[in-house]
Amino acid sequence: MHTSALVLFSGGQDSTTCLAYALERYERVETIAFDYRQRHNVELTARLNVLREIKARFPQWATKLGEDHLLDLAVLGEVSETSLTRDTAFKMEANGLPNTFVPGRNLLFMTLAAALAYRRGLQVIVTGVCETDFSGYPDCRDDTMKALQLALSLGMDQRFLIETPLMWIDKAQTWELAHALGERSGEPGGGNALVDLVVEHTHTCYLGDRAHRQAWGYGCGTCPACELRAKGYAGFTDKLKRAAA
């Protein structure tokens, strides 16, 4: 009988969809983010805009939305040499992983989230990791999340539930899920409202570009995160057009 959740909320498309997912299901929802000196730290501002817009556009969800937490994780930037924490070009490494992979990032995020959830009395941890449309990060895999759920529950002597609502869907389906969640929110036109919110206010671009407006939102349009988001949006809108034909 879970009634409360902590959402790992970066302010991107995926975490915003996960936040809506949690707000639909739980009576009390809090959010957490991390400042690890990421190149795209504009997301830390974007996430506040998303929270503001959700409260304004979805009053039934606003009553459930509790405290927001931002943790300083500068040490992660100090120990990593990646294109997300250094001004280097995106490329594939010899081990087959992109240099956007920040080793240990999700492991640390989940551990700190669990520690906060423990203190705040929150039962469920929701994260937007995905094994379908992703960059091959090993700490986004279902096996990793299952192992973390067991380790964190044992290590803190509390039965945490880790939910990964995006694990087995692609980016087009993530857009569809956002639309469906908005439709079920109780707000008239909620599906389109949530999709519009994701387009206008969330941030995905690894370069932190908020100057260029694309059909799917703001971003450079060429980094790996933008390419995934653009491809998913194209698939989502194509399906809508076919359904309307």
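The values are calculated or read from the model by the stated rules, or taken from the named source; none is laboratory data. Note that this is a predicted model, so its numbers are computed, not measured. When we count neighbours, we look across all protein chains shown, and the Cβ atoms used for this are built from the backbone with ideal geometry, even at glycine. All accessible areas refer to the heavy atoms of the entire protein, side chains included, with ligands and DNA or RNA removed. Shrake-Rupley method; radii C 1.70, N 1.55, O 1.52, S 1.80 Å.
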Residue within the stretch 191-202 that is open to solvent by 40 Å² or more (accessible area, probe 1.4 Å), on the phi < 0 side of the Ramachandran plot and either polar (S, T, N, Q) or in a loop (DSSP other than H, G, I, E, B) (or both) present: yes
So Arg105, is it of a type in the set (D, E, K, R), modelled with pLDDT of 90 or more and surrounded by 15 or more Cβ atoms within 10 Å (Cβ to Cβ): no
Strands (runs of 3 or more DSSP E) wholly inside the stretch 1-79 that include at least 1 residues being within 14 Å of the chain's Cα centre (by Cα) and surrounded by 20 or more Cβ atoms within 10 Å (Cβ to Cβ): 4-8, 28-35
The listed residue being open to solvent by less than 30 Å² (accessible area, probe 1.4 Å) and either under 21 Å from Thr17 (Cα atoms) or without any contact (Cβ under 8 Å) to a residue 60 or more places away in the chain (or both), out of Ala225, Ala151: Ala225
